[in-house]
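Novice: Sharing a structure, written as structure tokens. Questions coming.
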Amino acid sequence: MMVKIRQEVAREIPEVTFAAPVGTPAGVEVMSLAELRSRAPAGSLEVPQRPDFHHLLTLTSGVLWHTVDFTGHALNPGSWLWVRPGQVQQWGDLEQAQGTLILFERGFLDPATAASTRLDDPYAPVALTPVGDDREALRAAADHLDREFHAHLRLPVDIHVAVLRHLLAALVLNLAHLTAPASSPAFEPGETYLRFRDAVERDFSRTRRLDDYAHTLGYSPRTLSRATLAAAGVNAKEFIDRRVVLEAKRLLAHGERSATRIAAQLGFSSATNFSKYFHQRTGTTPIAFRAATRGQA
């Protein structure tokens, strides 16, 4: 099996780490969804997981419903899904789909490719839909990578790994630049939004106050809200709150931390304040969300 599943508490969401199968190159693996079904431990694909490596998935036939960070995505032939390290994912019914799954570790691609493809961007789109010739080009790139991965005996290992690294780089460069998010047209966000977004990602557990970000970045709160509304469709305060709620959901789903510990980790003064904040923005309590995520509701 290509992964090792570490599960510390019953019904806890597993944290999945990469482990290349014996006799294959380290850092990357390519397989069909049929192979995934046959090799995965019984029941392991039905529960949410939090991998620490990248998943690239494309379908050749059928349909698949895949959940990433508690948002569902409907995949059809030709569409792509990119799950990044740290995101919580849950597989749908794989019996209804055929396709290719590409797994690769952080650091497998060179830094220039990582930067150009937004490899480590937590806000990069998950679902991607190429069209026309781009769709066929990406399919051909995935097929080429698949063939090379399974032809590892014809080349020395170091050369084989170098070829795989180049082929994967070509695939993700094309995927990043030839596709638009499945739910919206291509859009290039402005510098104000990007600076705000990066600041939120860095400091959301320290402060949820828009004024703090405005002061740090040298903008007015109104300017930040206009920029964020144009780029993300919500005002700046809502953007901060959504990021805090997402992290809370990940922590609740992934482990057995108490509400008090999660509250402290996210910068709340008490578990009561955290629970009230979470309930106001999700309509449910932290305990109820955890139970529902694990199928205990």
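Novice: Just wondering, is there one or more residues in segment 180-189 that are surrounded by 14 or more Cβ atoms within 10 Å (Cβ to Cβ) and assigned to a helix (DSSP H, G or I)? Give the derivation first.
Specialist: Of segment 180-189, the ones surrounded by 14 or more Cβ atoms within 10 Å (Cβ to Cβ) are 180-182, 189.
Among the residues that remain, those that are also assigned to a helix (DSSP H, G or I) are: none.
No, every residue in segment 180-189 fails to be surrounded by 14 or more Cβ atoms within 10 Å (Cβ to Cβ) and assigned to a helix (DSSP H, G or I).
Novice: Could you please give the count of residues in segment 47-106 that are farther than 26 Å from residue 136 by Cα, in contact with a Pro (Cβ under 9 Å, 6 or more places away or on another chain) and of a type in the set (Asp, Glu)?
Specialist: 1
Novice: Of the residues that make up segment 43-56, is at least one modelled with pLDDT of 90 or more and farther than 27 Å from residue 246 by Cα?
Specialist: Within segment 43-56, not a single residue is modelled with pLDDT of 90 or more and farther than 27 Å from residue 246 by Cα.
Novice: Restricting to segment 119-148, name every residue that is in contact with a helix residue (DSSP H, G or I) (Cβ under 7 Å, 6 or more places away or on another chain) and either basic (Lys, Arg) or farther than 21 Å from residue 84 by Cα (or both). Explain how you work it out, then say what you get.
Specialist: So in segment 119-148, the residues in contact with a helix residue (DSSP H, G or I) (Cβ under 7 Å, 6 or more places away or on another chain) come out as 120, 122-123, 128, 130, 134, 137-138, 141-142, 144-145, 148.
Result: 134, 137, 144, 148.
Novice: In segment 171-179, is there at least one residue being among the polar types (S, T, N, Q), modelled with pLDDT under 90 and surrounded by 13 or more Cβ atoms within 10 Å (Cβ to Cβ)? First the steps, then the outcome.
Specialist: In the first step, residues of segment 171-179 are kept if they are among the polar types (S, T, N, Q); the result is 174, 179.
Retained after the next criterion (residues that are modelled with pLDDT under 90): 179.
Pick out the ones that are also surrounded by 13 or more Cβ atoms within 10 Å (Cβ to Cβ) and you get 179.
Yes, that holds for at least one residue.
Novice: With the requirement that a residue be among the hydroxyl-bearing types (Ser, Thr, Tyr) and touching a Ser or Thr at 6+ places or on another chain (Cβ under 8 Å), what does segment 196-243 give you?
Specialist: 213, 219, 223 - these are the residues of segment 196-243 that are among the hydroxyl-bearing types (Ser, Thr, Tyr) and touching a Ser or Thr at 6+ places or on another chain (Cβ under 8 Å).
Novice: Name the pairs: first residue in segment 216-228 and on the phi > 0 side of the Ramachandran plot, second residue of a type in the set (Lys, Arg), Cβ to Cβ under 7 Å, at least 6 apart or on different chains?
Specialist: Final answer for the pair search is none.
The values are calculated or read from the model by the stated rules, or taken from the named source; none is laboratory data. Because the structure is predicted, anything quoted here is derived from the model rather than measured. Don't worry about glycine lacking a Cβ; one is built from the backbone with ideal geometry, like all the others, and counts go over all protein chains shown.
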